[in-house]
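> I have a structure here, written as structure tokens, and I will follow up with some questions on it.
Nothing in this text is a laboratory measurement; each read-out follows from the coordinates by a stated rule. Everything quoted here is computed from the prediction, not taken from an experiment. Reconstructed Cβ throughout: ideal geometry from the backbone, glycine too, with neighbour counts over all protein chains shown.
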Amino acid sequence: RRTIPAESGAAAAYAVLVREAAHCTRCDLYKAATRTVFGEGPVEARLMLVGEIPGDMEDRRGRPFVGPAGRLLDRALEEAGVDRSTVYLTNSVKHFKFELTGRRRQHRAPSVSEINACHYWLDRELALVKPRTVVALGGTAARAVFGKPVRVLQVRGKFADLEPGRQAMVTIHPSAILRMPEESMRHQAFETFVSELRLLRNNG
Ligand code: URA
């Protein structure tokens with residue numbers, strides 16, 4: 001008799017989820033974006049990182065965190081000793097939002113209604129991946145994860161219980177570091193970011 005591995009159920013359900021999300025029309029962002037940028041990573045990941053919204057590069061390539069913010073995140077994870085390939089990475093909102101300035105697609109932050117509409121997918125990712133630890137990168141992700149506005153600078157770096165068996169931590173978004181005007185500020189912010197990601201080595 002064939003035995004079906006226990007995880008195949010979750011993997012199959014996940015594949016269905018990704019296909020469904022590809023046709024999402026829960027808010028209007030799908031109209032101008034190229035494609036849904038769904039989360040990625042192992043379905044059995046114990047650690048989930050949640051970003052804000054895909055950027056131009058993510059929209060083109062269909063993968064989260066593959067642009068400049070993603071490169072900074074990769075560097076920070078590596079320095080913190082967290083292996084990206086073991087992490088499930090996703091965004092609060094799964095379509096790129098932009099305004100055209102000339103030929104440039106200028107990134108825009110999602111509205112609360114877009115975050116709320118897209119929460120459907122984050123909930124389903126959480127239900128399938130069942131991470132023990134969820135990390136919100138920045139204010140948008142913190143709002144999506146906690147379901148209410150959160151002051152990032154007040155709560156960052158601390159673990160809070162989301163529900164039994166699941167904790168969450170808020171930290172800065174890597175794009176916020178990139179936007180800092182001075183190299184010394186960026187350097188300091190990067191070090192703090194890494195020190196918070198280091199907390200995940202034992203908690204993730
Ligand atoms: N910023 C995000 O929040 N997510 C991405 O995927 C890329 C940039």
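> Within the chain, which complete DSSP H helices have Cα atoms spanning at least 15 Å along the helix axis and a mean Kyte-Doolittle hydropathy of -0.5 or higher?
Working: long enough: 8-21 (20 Å, 0.89); 68-80 (18 Å, -0.36); 112-129 (24 Å, 0.32); 183-198 (22 Å, -0.70).
Helix filter hits for the chain: 8-21, 68-80, 112-129.
> How many angstrom lie between the Cα centre of region 22-79 and the Cα centre of region 136-204?
Their Cα centres are 17 Å away from one another.
> Which one of V112, V129, V50 has the biggest mean-square fluctuation once the chain is modelled by GNM with Cα springs under 10 Å?
V112
> What is the magnitude of the charge dipole of region 8-203 about its Cα centre, with +1 placed on the Cβ of each Lys and Arg, -1 on the Cβ of each Asp and Glu, and no other charges, expressed in debye to the nearest 20?
Numbers: 30 positive and 22 negative charges, 64 e Å.
Value, rounded to 20: 300 debye.
> So, one more: How high is the FRET efficiency between S111 and T34 when r is their beta carbon distance and R₀ equals 25 Å, given to the nearest 0.05? Don't skip to the answer; put the middle values down first.
Working: r = 20 Å, r/R0 = 0.80.
FRET efficiency, S111 to T34: 0.80.
> Considering only the chain, what is the antiparallel percent among its DSSP beta bridges, to the nearest 5? If you can, show how the numbers build up before the last one.
Numbers: 9 of 23 bridges.
Counting DSSP beta bridges with both partners in the chain, the antiparallel share is about 40 percent.
> For the residues C118, C27, what sequence is obtained by ranking on other C-beta atoms within 10 Å, fewest first?
Numbers: C118 24, C27 19.
Going from sparsest to densest Cβ surroundings: C27, C118.
> Here is a follow-up. Given R₀ = 22 Å, what would the calculated FRET efficiency be for A22 paired with R60, taking r from the Cβ atoms and rounding to 0.05?
Numbers: r = 16 Å, r/R0 = 0.71.
Computed FRET efficiency for A22 and R60: 0.90.
> Here's another thing I want to ask about it. What residues of region 139-175 lie in the reach of a label at R198, counting those whose backbone N is under 19 Å from a point 7 Å from the Cα along Cα→Cβ?
Residues 156-159, 169-174 qualify, since their backbone N sits under 19 Å from the label point.
> What 222 nm value per residue comes from the helices of the chain, counting each DSSP H run with n ≥ 4 as -39,500 (n - 2.57) and dividing by all residues, nearest 500 deg cm²/dmol? Mind showing how you got there, number by number?
Working: 9 runs with 89 residues, N = 204.
After summing the helix terms and dividing by the residues of the chain, the value is -13000 deg cm²/dmol.
> Ranking K94, K31, K130 by Cβ neighbours within 10 Å, fewest first, what do you get? Before the final figure, lay out each step's value.
On the way: K94 29, K31 8, K130 16.
Fewest-to-most Cβ neighbours within 10 Å comes out as K31, K130, K94.
> In what order do M185, M169 fall by count of nearby beta-carbon atoms within 10 Å, going from fewest to most? List each step's numbers first, then the result.
Details: M185 12, M169 23.
Fewest-to-most Cβ neighbours within 10 Å comes out as M185, M169.
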